[in-house]
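Novice: Attaching a single structure in structure tokens format; questions to follow.
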Amino acid sequence: MKKIVVLLVGLCFCGMAFSQSKVYFTKDISAEGLVKAFKALGVEPKGNVAIKISTGESSKSNHLSPELIKGLVKETNGTLVECNTAYGGNRATTKDHLKAIEERGYDKIAKVDIMDAEDTIHIPVQDTKWIKYDIVGSHLKNYDFMINLAHFKGHQMGGFGGVLKNQSIGVASSAGKAYIHSAGKSETNPWGNNNQDSFLESMAASAQGVHDYFVKDGKQNIVYINVMNNMSIDCDCNGNPAKPELKDVGILASLDPVALDEACLEIVFKHKDAKGDTAKPLISRIKQMHGTHTVDYAEKLGLGTKKYTLIDIDKKH
């Protein structure tokens, strides 16, 4: 395990007082390890539980496998949730998306819900610099609690994808994805936005909107998990991704999405390369797309803090 610099901070987080942001870590990338990371958060889900995943663009994509996540599904009695894409491919329509889900085997371990299969709703965002609202699937209103279960990896447009991306682009409907990508210019065309930071800032704003949606009566009903395995420079939305060159690291979990993505980024940027294990391509992709700006801006918006304590749950405390 790489050496992580630990920083303590006072944080006021969506009305809840935190003396520090805690990020829990296990190197056990298994169904049991995933449940252990979730339980470390000390949160008991109530009501209908949504587990937000990416179903992957093809069988070649590096999406989280049903075998890995089935224990968490059983533990929480959760429903796997997704939304349709805005860029074509095999998940652009509900019919095709359900077929892809069946091909990947997710329907064999849980109920799967395409949240924008019927309609969309607008939810408010605090930051209206680029987007005036977040467009999500209407089925979001059917859930009382969300587990944001993300695969940490590179991304062709965002530089990297973690919980912030999984909560913004991932929870957005097809129209919402276009709206975020275009930084509020279009609900049908995700392309043509030449201002990279406006896209990244729109992701941060929409991620905050979803987080706020699950804060009720001062109680946070959303938690965050990043799985650091199969870390290609390409996202799971790429049906033919580049081969991962960085070895698997582990699973990290937190109540703070900013701290969580920051912890994963620091692990990547501080990685000591060895033969057959290099972070250079992923670091280059993140820098090329100014990917760290999403985390910086999310912190600026008050969604969380980049300062955290990393807690190794594989060790006895």
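The values are calculated or read from the model by the stated rules, or taken from the named source; none is laboratory data. Because the structure is a prediction, the values reported are computed rather than measured. No Cβ is skipped: glycine too gets one built from the backbone with ideal geometry, and neighbour counts run over all protein chains shown. Accessible surface is based on the protein model in full, side chains and every heavy atom, while ligands, DNA and RNA are left aside. Shrake-Rupley method; radii C 1.70, N 1.55, O 1.52, S 1.80 Å.
Novice: So the check is Cβ under 9 Å with 6+ separation or different chains; which pairs have a first residue in the stretch 162-181 that's under 16 Å from Ile147 (Cα atoms) and among the charged types (D, E, K, R) and a second one that's modelled with pLDDT of 95 or more and part of a helix (DSSP H, G or I)?
Specialist: If the second residue must be modelled with pLDDT of 95 or more and part of a helix (DSSP H, G or I), the pairs left are Lys165/Met203; Lys165/Ala207; Lys165/Asp261; Lys165/Thr294.
Novice: Would you confirm whether or not the stretch 239-257 contains a residue that is in contact with a Gly (Cβ under 7 Å, 6 or more places away or on another chain), of a type in the set (Val, Ile, Thr) and farther than 27 Å from Thr309 by Cβ?
Specialist: no
Novice: Is it the case that some residue within the stretch 40-49 is farther than 18 Å from Ala172 by Cα, at pLDDT 95 or above, open to solvent by less than 20 Å² (accessible area, probe 1.4 Å) and in a helix (DSSP H, G or I)?
Specialist: No, every residue in the stretch 40-49 fails to be farther than 18 Å from Ala172 by Cα, at pLDDT 95 or above, open to solvent by less than 20 Å² (accessible area, probe 1.4 Å) and in a helix (DSSP H, G or I).
Novice: Within the set of pairs 6 or more residues apart or between chains, which connect a residue that is within 14 Å of Gly56 (Cα to Cα) inside the stretch 93-120 to a residue that is assigned to a loop (DSSP other than H, G, I, E, B) and among the basic types (Lys, Arg) with Cβ atoms less than 6 Å apart?
Specialist: Matching pairs, first to second residue: His97/Arg91; Ala100/Arg91.
Novice: Only one residue in Ser65, Ser54 is crowded, with 23+ Cβ neighbours inside 10 Å, among the hydroxyl-bearing types (Ser, Thr, Tyr) and out of contact with any helix residue (DSSP H, G or I) (no Cβ under 6 Å at 6 or more places or on another chain), so which one is that?
Specialist: Checking each option against the conditions leaves just Ser54.
Novice: Okay, moving on. For the stretch 272-286, name all the residues that are charged (D, E, K, R) and over 14 Å from Asp234 (Cβ atoms).
Specialist: Within the stretch 272-286, Lys272, Asp273, Lys275, Asp277, Lys280 qualify.
Novice: Please determine, by comparing only the residues of the stretch 113-126 that are aliphatic (A, V, I, L, M) and open to solvent by 30 Å² or more (accessible area, probe 1.4 Å), which one is farthest from Asn77 (Cα to Cα).
Specialist: Taking the stretch 113-126 first, the residues aliphatic (A, V, I, L, M) are 114-115, 117, 121, 123, 125.
From what's left, open to solvent by 30 Å² or more (accessible area, probe 1.4 Å): 117, 121.
Numbers: Ala117: 22, Ile121: 25 Å.
If we take residues in the stretch 113-126 being aliphatic (A, V, I, L, M) and open to solvent by 30 Å² or more (accessible area, probe 1.4 Å), then Ile121 is farthest from Asn77 (Cα to Cα).
Novice: With the requirement that a residue be of a type in the set (D, E, K, R) and part of a loop (DSSP other than H, G, I, E, B), what does the stretch 50-73 give you?
Specialist: Once the filter is applied, which keeps residues that are of a type in the set (D, E, K, R) and part of a loop (DSSP other than H, G, I, E, B), the stretch 50-73 yields Glu57, Lys60.
Novice: Among (1) buried (at least 16 other Cβ atoms within 10 Å of the Cβ); (2) at pLDDT 95 or above; (3) closer than 22 Å to Leu200 by Cα, where does Ala86 come up short?
Specialist: For Ala86, the failing item is (2).
Novice: Right, here's the next one. Restricting to the stretch 131-159, name every residue that is outside any strand (DSSP E or B) and touching a Phe, Trp or Tyr at 6+ places or on another chain (Cβ under 8 Å).
Specialist: Ile131, Leu140, Phe152, Met157, Gly158
Novice: Oh, and also: Take residues that are at positive phi, crowded, with 21+ Cβ neighbours inside 10 Å and more than 17 Å from the chain's Cα centre (by Cα) and tell me which of the helices (runs of 4 or more DSSP H) falling wholly in the stretch 222-317 contain 3 or more. Reasoning before the result, please.
Specialist: On the way: elements: 257-269, 280-288, 292-301.
Those helices (runs of 4 or more DSSP H) do not exist here; none qualify.
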